[in-house]
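Written below as structure tokens is the structure these notes are about.
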């Protein structure tokens with residue numbers, strides 16, 4: 001059973017991609033433009049947005065760590081009659097770190113960008129949508145399977161994504177009666193500037209283009225949770241069902257040898 005309205009035809013839909021400068025965000029922006037959507041892109045690194053091809057309809061620099069920057073972008077979209085029908089919240093940072101090697105500045109930045117900024121973006125867009133009601137809207141969070149259970153080297157990143165997934169679940173429950181659909185995208189490993197920081201072999205890694213296609217395929221089916229590649233993510237879902245005694249025993253094998 002579909003938990004959301006199915007989005008199969010993107011022609012004419014206004015879509016805001018937050019975090020479109022590279023990776024999944026950029027691939028989504030390019031794919032959506034080719035599918036006929038009216039795409040607005042935002043990122044801190046505005047100069048890289050000019051490289052997106054085919055070019056989106058609107059390019060707006062935005063630092064999601066700054067509430068005022070988010071407000072300014074929404075105001076610009078409103079002034080151009082381009083309040084989005086669909087939002088893809090893709091922006092994020094990743095600092096691999098273990099609990100015995102915490103970098104608190106990195107922890108703070110991770111939660112500020114991956115979690116707290118998401119709350120600000122949602123709050124401000126809901127206020128904008130309330131002032132310009134229409135039949136249907138859709139908000140899609142890009143989280144990560146790293147938030148499923150505690151994983152080595154993901155002390156900050158995994159926790160921030162677990163919080164984002166929780167927000168996605170709550171917002172789906174509470175916003176559906178208002179005609180706002182919510183989905184959460186849970187990628188496995190994808191070739192991006194973030195995963196380039198990893199010093200281990202990443203199983204079943206996808207290109208950003210493959211990730212974008214899988215994301216849009218999930219929306220076409222009306223899924224709430226869109227996770228991929230399933231040959232990897234289903235294994236992680238099984239880990240969520242294990243009792244802690246067995247789970248910790250298996251995870252010890254993934255820990256680096258620090259003897």
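Values computed for the structure shown
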{"item": "Residues located in the stretch 158-185, provided they are part of a strand (DSSP E or B), touching a helix residue (DSSP H, G or I) at 6+ places or on another chain (Cβ under 6 Å) and farther than 17 Å from residue 135 by Cα", "result": "184, 185"}
{"item": "Residue within the stretch 77-86 that is crowded, with 20+ Cβ neighbours inside 10 Å, under 19 Å from the mean Cα position of the chain (by Cα) and without any contact (Cβ under 8 Å) to a residue 40 or more places away in the chain present", "result": "no"}
{"item": "Residue 91 in contact (Cβ under 8 Å) with a residue 12 or more places away in the chain, closer than 24 Å to residue 205 by Cα, in a loop (DSSP other than H, G, I, E, B) and touching a strand residue (DSSP E or B) at 6+ places or on another chain (Cβ under 7 Å)", "result": "yes"}
{"item": "Condition check for residue 55: surrounded by 18 or more Cβ atoms within 10 Å (Cβ to Cβ) and either assigned to a loop (DSSP other than H, G, I, E, B) or at pLDDT below 95 (or both)", "result": "no"}
{"item": "Some residue of the stretch 236-252 being more than 30 Å from residue 10 (Cα to Cα), without any contact (Cβ under 8 Å) to a residue 60 or more places away in the chain and assigned to a loop (DSSP other than H, G, I, E, B)", "result": "yes"}
{"item": "Residue tally, condition over 19 Å from residue 113 (Cα atoms) and under 19 Å from the mean Cα position of the chain (by Cα), over the stretch 11-36", "result": "9"}
{"item": "When residues of the stretch 58-76 are limited to those that are part of a loop (DSSP other than H, G, I, E, B) and in contact (Cβ under 8 Å) with a residue 24 or more places away in the chain, the one farthest from residue 202 (Cα to Cα)", "result": "62"}
{"item": "Test for residue 232: is it touching a helix residue (DSSP H, G or I) at 6+ places or on another chain (Cβ under 7 Å) and surrounded by fewer than 21 Cβ atoms within 10 Å (Cβ to Cβ)", "result": "no"}
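Results for (1) surrounded by 19 or more Cβ atoms within 10 Å (Cβ to Cβ); (2) within 24 Å of residue 213 (Cα to Cα); (3) touching a strand residue (DSSP E or B) at 6+ places or on another chain (Cβ under 6 Å), shown as yes or no for each residue.
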residue	(1), (2), (3)
154	yes, no, no
161	yes, yes, no
168	yes, yes, yes
177	no, no, no
181	yes, yes, yes
184	yes, yes, yes
200	no, no, no
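The values are calculated or read from the model by the stated rules, or taken from the named source; none is laboratory data. Note that the coordinates shown come from a computational prediction; the quantities given were computed from them, not determined experimentally. All Cβ positions, glycine included, derive from the backbone under ideal geometry; neighbour counts span all protein chains shown.
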